[in-house]
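Data first, discussion second: the structure below is written as structure tokens.
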Amino acid sequence: MKITIAGAGAMGMRFGLMLHRSGEEVTFIDGYKANVLALEEKGLQANYNGEEVIDQIKAYDMTAIPTDLTIDLLILFTKSTQLEDMLQAVSGNISKNTKLLCLLNGIGHEKVIEKYLSLEQVFIGTTMWTAGMEGPGRVKLFGKGSVHLGAVDKSQEAVGKEIAAVLTKAGLNAHYASHIKEMIYRKASLNGCMNSLCTILEANMAEVGACPSTENMIHSIVDEFLAVAAKEDVHLEKEEILANIHSCYDPQTNGKHYPSMYQDLIKNHRLTEIDYLNGAISEKGKAYGIPTPYCDLITNLIHAKEKLLEAK
Ligand code: NAD
Ligand code: AOT
């Protein structure tokens, strides 16, 4: 299958490496010039579960995509803030046969995607895999994960299951999920707690979990996510959401992971995805008349930290 990964950062490189190793034809498209250059010149360098590996995978700058690049499956792994520019860049290579898979964290990406292709072609979901970019063309991969994806148009379930099978063959442990809105809110509430608290506290997930005073904040943040979700007829069990969050604390699995928001702001002084996580809940809360004081405060704190660190 001709798979293009749009956004060759931490997660794009994880999925690209694993799919390439399972025999798929993988191409990267990226907007970070030094990254494209490193991928071209040195290959994709990874510390992959403790082993140093290098794979040669074709990479193009998003301003120089060959017009004849055929895309069977387009996997999006930009940051939420970069999604629209990437879709615009790749739109000339999207045909009626292209399927698109969006696994970005955050809420509301389908509203951007539907401007570029028919929703029959769109599959959306979440992933519990993690990754850390260590520099251009270089990524650190450890831990285990999964993918849950579903068809936006329910008539496309069989195609969605085929995509899940391709990912599973690559070891990505993918499952077809019919309730994708539930999956998206479930993951967003995890990120709304872990990404923002790890960034504010400058700690990894295990360290945040080890602070007893974070527990009541996590309860309150989850309450706000679930109240907003319920207004959209998405009903989630608080205990299950909390158990999913608590499962992140284990240092033997993903506990030592610094969430992508930490990697953006603290490590690299880049702007964050806060407006697609806690910020989205604040905005929806205002529209629905639901108070969201924790998400409001967290969003303001992250924006203040972006300003102080001169994030770009
Ligand atoms: P990333 O920041 O590593 O990469 C996204 C894009 O930013 C890529 O195009 C990359 O080349 C570019 N980029 C990275 N560093 C840059 C720099 N210093 N200057 C300029 N451009 C740079 O993003 P990611 O962590 O792979 O996340 C992609 C999506 O997946 C996000 O929605 C994220 O929330 C989600 N996600 C991430 C993880 C994770 O563990 N990293 C896990 C699950 C979901
Ligand atoms: C994560 N991390 O989603 C993944 O870094 O943005 C991120 C992210 C799976 C489980 C816990 C955290």
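The numbers here are math on the coordinates, done by the rules we state, and not lab data. These numbers come from a predicted model, not from an experiment. Positions of Cβ are generated from backbone atoms using ideal geometry, with glycine treated the same way; all protein chains shown enter the neighbour counts.
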Q: Could you compute the FRET efficiency for Val53 and Cys211, with r as their C-beta to C-beta distance and R0 at 41 Å, rounded to 0.05?
A: 0.70
Q.
Could you give the length gained by full extension between Ser95 and Gln252, i.e. 0.36 nm per residue of separation minus their alpha carbon distance, to one decimal place?
A. 52.2 nm
Q.
Can you classify region 26-177 as rounded, prolate or oblate using the Cα gyration tensor, where a ≥ b ≥ c are the square roots of its eigenvalues, rounded means a/c under 1.5, and otherwise it's prolate if a/b beats b/c and oblate if not?
A. oblate
Q. Where a ≥ b ≥ c are the square roots of the eigenvalues of the C-alpha gyration tensor, would you call the chain rounded, which needs a/c under 1.5, or, failing that, prolate if a/b is larger than b/c, or oblate?
A. prolate
Q: Would you mind telling me which residue in Glu40, Glu240, Glu273 has the biggest mean-square fluctuation in a Gaussian network model of the chain, where springs connect alpha carbons within a distance under 10 angstrom?
A: Glu240
Q. Spin-label point model (7 Å from Cα, Cβ direction): what's the Thr70 to Lys154 distance in nm?
A. 3.4 nm
Q.
Quick check on my link table: of Lys161/Lys231; Lys144/Lys169; Lys111/Lys284; Lys187/Lys305; Lys144/Lys284, which ones sit more than 26 Å apart, alpha carbon to alpha carbon?
A. Lys161/Lys231; Lys144/Lys284
Q | Virtual paramagnetic centre 7 Å along Cα→Cβ of Lys2, amide N under 16 Å, in region 85-116 | A | 90-100
Q) Residues with amide H under 5 Å of Gly31's amide H, sequence separation 5 or more or different chain, H placed in the peptide plane at 1.01 Å from N; which? A) Ala8, Met62
Q. Residue farthest toward the positive end of the dipole of region 213-276, with Cβ of Lys/Arg at +1 and Asp/Glu at -1: which of Gln252, Ile221, Ile274?
A. Gln252
**Q.** Global form of region 137-280, assessed from the alpha-carbon gyration tensor, a/c cut-off 1.5
**A.** oblate
Q: Of the DSSP beta bridges with both residues in the chain, give the percent that are antiparallel, rounding to the nearest 5.
A: 30 percent
Q | Cα centre as origin, Lys/Arg/Asp/Glu Cβ charges: the chain dipole, Debye | A | 240 debye
Q.
Let's test the formula: R0 of 35 Å, r as the Cβ-Cβ distance of Glu25 and Glu114. What FRET efficiency results, to the nearest 0.05?
A. 0.80
Q: Multiply the residue separation of Ala230 and Ala34 by 0.36 nm, subtract the distance between their alpha-carbon atoms, and state the gained length in nm to one decimal.
A: 66.2 nm
